[in-house]
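This report refers to the structure that appears directly beneath it.
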Amino acid sequence: MKEKIIKSYINHLTKNDIVMFAQNNNVSLNNQEIDYLYNNIKNNYENILNNPHYYLNQAKQVLNTKAYNKLYELYTIYYPKLYH
């Protein structure tokens, strides 16, 4: 059931959703970072869920420090809840 909800959300995800989420978390993203996150989520979300550390390491190379730190913080909060 969770997988269907996630897939539906990803299918409707827009770049503006990413921008708004970042703004709501006091994080600024440039266009390259927005494109990176959007394309990665849209095209690799299943792989991201199965191997998050690989994608976190990749994101660390692309995102600004504040954005990466927020991403990692959110990962540590929400990823464990996904499987419990």
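The values are calculated or read from the model by the stated rules, or taken from the named source; none is laboratory data. Quantities reported herein were computed from a predicted structural model and do not represent experimental measurements. Cβ sites come from the backbone with ideal geometry, for glycine too, and all protein chains shown count toward neighbours. Heads up: the accessible areas ignore ligands, DNA and RNA and are worked out on the full protein's heavy atoms, side chains in. Shrake-Rupley method; radii C 1.70, N 1.55, O 1.52, S 1.80 Å.
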Residue under evaluation GLU33, criteria (1) touching a helix residue (DSSP H, G or I) at 6+ places or on another chain (Cβ under 8 Å); (2) acidic (Asp, Glu); (3) loosely packed, with under 15 Cβ neighbours inside 10 Å, criterion not met: (3)
Residues (open to solvent by 100 Å² or more (accessible area, probe 1.4 Å), in a helix (DSSP H, G or I) and closer than 20 Å to ALA67 by Cα) located in segment 1-28: PHE21, GLN23, ASN24
Segment 54-76: number of residues that are open to solvent by 50 Å² or more (accessible area, probe 1.4 Å), under 23 Å from ASN11 (Cα atoms) and of a type outside the set (Ser, Thr, Tyr): 2
